[in-house]
Amino acid sequence: MPDQVAERLKREAQRVYEEAALPGRPGVSSSGVETGTCYYRGLRSIAHIDEGRGDVRSFVLEWQVTDVPRSDARAGQERVRRRLEHEGWRLTGESVSDMGFRFERPGADETVAVDWYEHTGTLAVRVHAPCGKLPAGFDEYARPSSEWSAG
């Protein structure tokens, strides 16, 4: 399952990169698919205050490009936004950054965030999958499926 989640996130990150269509197709800065901590919920959380679960992880892939002019960032964001809306993703937030938005895929709880920060001209994309159960023997540090780069 983790490899399947990683592949889905990489496909979505690649689609956003292609749709952004930044001039010159610049390289991206990304550390690939990473895992995040998930916590206990409900009454069980009382017994495990601030203790992450070892059997459940979330997954995220982030990439960014700096020195992107506002007009290029806006045009790329609009292409991404149109596709997400057309596919039925739900808008969950706007103006989180200087110029950005968040969408969630109904039924899958996956999110895509596309932000632009004026001070550095950074276009930042974050594709996230919610917490999921891990198979026995999962090693988050030895996963070739986590590697990603645009191109």
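The values are calculated or read from the model by the stated rules, or taken from the named source; none is laboratory data. Every value quoted in this text rests on a predicted model; they were computed, and no experiment measured them. With ideal geometry, Cβ positions are generated from the backbone for all residues, glycine too; neighbour counts draw on all protein chains shown. Accessible surface is based on the protein model in full, side chains and every heavy atom, while ligands, DNA and RNA are left aside. Shrake-Rupley method; radii C 1.70, N 1.55, O 1.52, S 1.80 Å.
Tabulated values for the structure
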item	result
Residue in segment 79-104 that is farthest from Leu123 (Cα to Cα), counting only those that are assigned to a helix (DSSP H, G or I) and open to solvent by 40 Å² or more (accessible area, probe 1.4 Å)	His86
Residue that is nearest to Gly132 (Cα to Cα) [pool: residues in segment 1-37 that are open to solvent by 40 Å² or more (accessible area, probe 1.4 Å) and of a type in the set (Lys, Arg)]	Arg8
Tally of residues being part of a loop (DSSP other than H, G, I, E, B) and among the charged types (D, E, K, R) across segment 21-34	1
Filter result for Glu62 (of a type in the set (Asp, Glu), under 14 Å from the mean Cα position of the chain (by Cα) and at pLDDT 90 or above)	yes
Gly76 vs. criteria over 24 Å from Pro135 (Cβ atoms) and either part of a helix (DSSP H, G or I) or modelled with pLDDT of 95 or more (or both)	yes
Residue count, segment 107-126 (criterion: open to solvent by 80 Å² or more (accessible area, probe 1.4 Å) and touching a residue at least 24 places away in the same chain (Cβ under 8 Å))	2
Segment 1-20 residues that are over 13 Å from Val33 (Cβ atoms) and assigned to a helix (DSSP H, G or I), paired with ones that are charged (D, E, K, R) and open to solvent by less than 50 Å² (accessible area, probe 1.4 Å) (beta carbon under 8 Å, 6 or more apart)	Arg15/Arg83; Glu19/Arg83
